[in-house]
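Worksheet: the structure to be examined is printed underneath.
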Amino acid sequence: MSGETNSRIDPARSACVLIGVDAYTALDPLRAVRNNLTRLEEALTDPGIWGVARESCQVVSNPATQQELIGPVRKAATAAQDTLIVYYAGHGFIDHSDGSLYLTLPGTEPGEIDGAVPYEWLRRAIRDNGSAKRRIVVLDCCYSGKALDGMSAAGTLQVTALMNDVEGSYVVAASAANRLALSPRGEECTAFTGELVNVLGHGIPGDPEVLPLGRVFHHVRTSLQRKRRPQPELQDRNGIGSLLFVRNRQHVAQAVPPPSEGAPTAPGRGRRGYLVAAAVAVVAALTTAGAMFWWPAEEAAGPCSETASLLSVSDALGKVDDPKYQRAPLDGLSAIALDGPAHAWVLADNDPGRMFHVALGTPDRLDPDPESGEGIRTLKRKDGTPYRRGFDGEGLVVEKGADTMLISAERDSAIHRFRIADGKELGTLPVPGPWRNIPSGGRADGNRNVESLTATSDGRHLYTGLEGPLAGDGDSAGRNLLRIQRYTGSPGGSYALDGQYAYEADAGAYLAELVAVDTDRLLALERTYAAGMGNRIRVYDVTLTGMKDVTKVKYLTDELPDTFATESKRLVLDLADCPSGDLKAPEGQTQPNPLLDNVEGMALGGRLTEGEHRGRRLLYLISDNNSSPKQVTRVYALSVSLK
């Protein structure tokens with residue numbers, strides 16, 4: 001068939017099958033899929049939108065077998081004279097051996113193709129049955145971490161072959177590289193289908209009374225792009241996208257022109273983005289090398305290990321172009337402290353020392369925005385003058401219920417308290433004598449002293465750690481011998497030194513940050529850097545319970561191994577193991593993984609209560625670009641398992 005003859009896709013002579021799998025026995029559930037089916041059926045059968053007969057629109061929820069999925073498609077294909085619509089939502093994966101796409105069933109095991117449905121079977125059922133003029137196939141699927149087990153993440157799907165031997169074609173391909181991208185928390189439907197039913201149900205302001213097929217999906221793409229979500233790429237052949245499809249709810253109601261067998265159709269515009277096939281194929285998390293198809297950028301998100309997953313990353317803070325941030329640049333960010341579930345204070349370590357309050361966005365779609373926060377605080381001395389020279393703030397605690405914050409500063413190896421309202425210093429906390437800088441009579445390196453600072457959730461205990469060893473403590477076979485100081489007190493009040501513990505870092509690593517999980521249980525961020533090799537960023541779960549108090553131990557070099565808290569430390573995260581998507585390291589920088597940079601700050605959020613990461617804790621990281629164009633200011637959101 002060389003061209004279309006109908007001016008409108010006729011609901012009276014069409015049929016559709018809506019298939020969804022939300023309840024899995026071995027894969028992560030996709031609860032929003034059930035809502036997808038309900039909302040799509042409502043929209044497609046509504047005479048005010050499209051108006052296909054309910055008996056011609058079959059809903060197949062959680063088909064248990066391959067036949068239960070394929071059978072209804074064959075039946076609908078036979079019944080449809082004008083257009084067949086087949087929709088599937090659920091997990092999908094690619095067999096790395098041949099690039100074949102598989103659709104999952106409720107009982108599909110991770111990585112086992114025997115319990116899944118080859119897309120080829122669905123294609124044949126559509127192609128070989130009936131005589132519909134057009135076939136529209138919607139595949140709203142994603143990869144989950146479990147679904148990739150035993151499969152190759154680099155597998156590819158030749159999308160142009162999805163329906164290439166079926167006349168009358170239109171394809172849309174959307175990407176959802178993981179569960180969170182497919183189904184955002186707190187939303188009724190999956191990301192793509194949610195936008196689709198929104199366009200169908202609410203229409204497009206300013207558009208004609210009847211929307212062409214291509215216009216519907218172009219608007220869906222624009223909406224997803226505006227929300228910074230994976231966007232469908234579109235391509236049209238034979239003018240299918242120009243056919244009138246649904247009534248525009250935003251337009252004054254008028255009579256819809258009936259299908260006319262002899263009416264001519266405008267030729268396809270060949271828009272770069274519209275994909276080939278007899279399908280609206282919304283294929284998530286797949287890639288292709290076909291010359292006719294361009295996939296959206298792959299997001300940096302997914303499992304890093306059994307104990308950690310990357311939810312999203314954002315470099316937006318380093319790209320703020322408001323003039324006021326040219327005077328107070330958002331760079332050199334060394335610490336982050338949460339201020340509620342969706343906001344944080346970030347600390348700049350460059351002179352004169354500033355705090356920025358930012359809205360973070362959602363964990364699966366970070367979008368840090370200083371304009372939505374409470375502004376900038378310039379840190380000031382007790383006399384109200386800014387720290388023009390010499391502060392170098394590194395660690396940050398927002399004191400619970402006290403309208404104050406604590407900042408550890410390397411320049412004077414001290415912990416300062418500031419009033420949040422105006423950034424004015426109120427006082428300092430005691431620091432062990434040996435922790436003072438060497439010129440001040442202590443044993444601490446001026447650039448590697450009180451780097452980290454954290455508090456327990458009740459504020460009763462503070463912990464700070466030395467980034468590098470005290471003079472005389474040294475290292476053991478290249479592993480720095482460090483110290484962690486505990487304080488006991490009350491937020492906004494006094495704190496007293498209360499125990500000191502020994503910590504042995506990995507070879508070549510320094511202790512960049514601590515966050516308190518509970519009393520005497522910490523997450524420790526270790527960082528290394530080697531020119532020409534880049535960074536290594538690791539997070540360990542460390543317990544101090546039962547450890548020796550080394551307050552009175554002058555030098556750590558002679559201490560037994562069991563003196564050091566690291567004897568029991570557990571690796572939670574190696575950032576190099578996280579998926580980087582299409583990220584690239586800044587020009588002139590070498591990294592083993594482009595995700596990596598000079599990560600300095602860390603904050604622990606609440607426990608996740610739903611979805612595939614339920615039961616895990618949120619963890620935020622932030623990198624310090626050292627005000628260099630060869631580095632990046634980056635915020636990371638992760639989920640971590642803390643037993």
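Derivation of every value follows stated rules applied to the coordinates shown; laboratory data play no part. Note that this is a predicted model, so its numbers are computed, not measured. All Cβ positions, even for glycine, are placed from backbone atoms using ideal geometry, and neighbour counts span all protein chains on display.
Quick look at the numbers
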read-out	value
Separation of the T222 and S568 label points, Cα + 7 Å toward Cβ, nm	5.9 nm
Sites T590 and T25, calculated FRET efficiency, Cβ-Cβ separation with R0 60 Å, nearest 0.05	0.85
Footprinting exposure proxy for S309, S7 (fewest neighbouring C-beta atoms within 10 Å first)	S7, S309
Per-peptide average of other Cβ atoms within 10 Å, ordering 37-43, 553-559 highest first	37-43, 553-559
P(r) weight above 25 Å for the stretch 308-640, C-alpha pairs, percent	48 percent
Only Lys, Arg (+1) and Asp, Glu (-1) charged, at Cβ; the stretch 550-643 dipole about Cα centre in debye	340 debye
Label-to-label distance, nm, for residues given as T362 and A530 (7 Å Cα→Cβ offset)	4.1 nm
Under the Debye formula (equal points on every Cα, no solvent term), log10 I(q)/I(0) of the stretch 1-146 at q = 0.09, 0.10 Å⁻¹	-0.28, -0.35
Cα-based equivalent ellipsoid, the stretch 454-514: semi-axes from gyration tensor eigenvalues, Å	27, 11, 7
Cα-based equivalent ellipsoid, the stretch 345-384: semi-axes from gyration tensor eigenvalues, Å	25, 10, 6
³J(HN,Hα), Karplus 6.51/-1.76/1.60, whole Hz, each residue of the stretch 458-468, x for Gly, Pro	8, x, 5, 10, 10, 9, 10, x, 6, 5, x
HN-Hα J in Hz across the stretch 195-200 - Karplus 6.51, -1.76, 1.60, θ = phi - 60°, x for Gly and Pro	5, 5, 5, 5, 5, 5
Gain upon complete extension [D98, R521; 0.36 nm per residue less C-alpha separation]	147.5 nm
Among 437-443, 312-318, 508-514, the order from most to least packed when residues are scored by Cβ within 10 Å on average	508-514, 312-318, 437-443
Listed peptides 612-618, 473-479 by packing density, highest first (mean Cβ within 10 Å)	612-618, 473-479
Whole-angstrom Cα spans of the stretch 13-80 along principal axes, big to small	39, 25, 11
D (Stokes-Einstein, µm²/s), Kirkwood Cα radius, the stretch 536-643, 1.306 mPa s at 10 °C	96 µm²/s
Nitroxide proxy distance, nm - points 7 Å out along Cα→Cβ at V553 and A12	8.8 nm
Theoretical gain in end-to-end length, T609 to V59 [0.36 nm per residue, Cα-Cα removed]	195.0 nm
Translational D in µm²/s for the stretch 445-577 (Stokes-Einstein at 10 °C, 1.306 mPa s, Kirkwood Rh from C-alpha pairs)	106 µm²/s
Eligible aspartates and glutamates near K424 by straight Cα distance, threshold 14 Å, same-chain separation 8 or greater	D383, D403
Reach of K319 by Cα under 21 Å, taken over lysines that are not fewer than 8 positions away in the same chain	K227, K584, K630
Rounded FRET efficiency, nearest 0.05, which uses the C-beta distance separating S131 from D577 and R0 of 35 Å	0.10
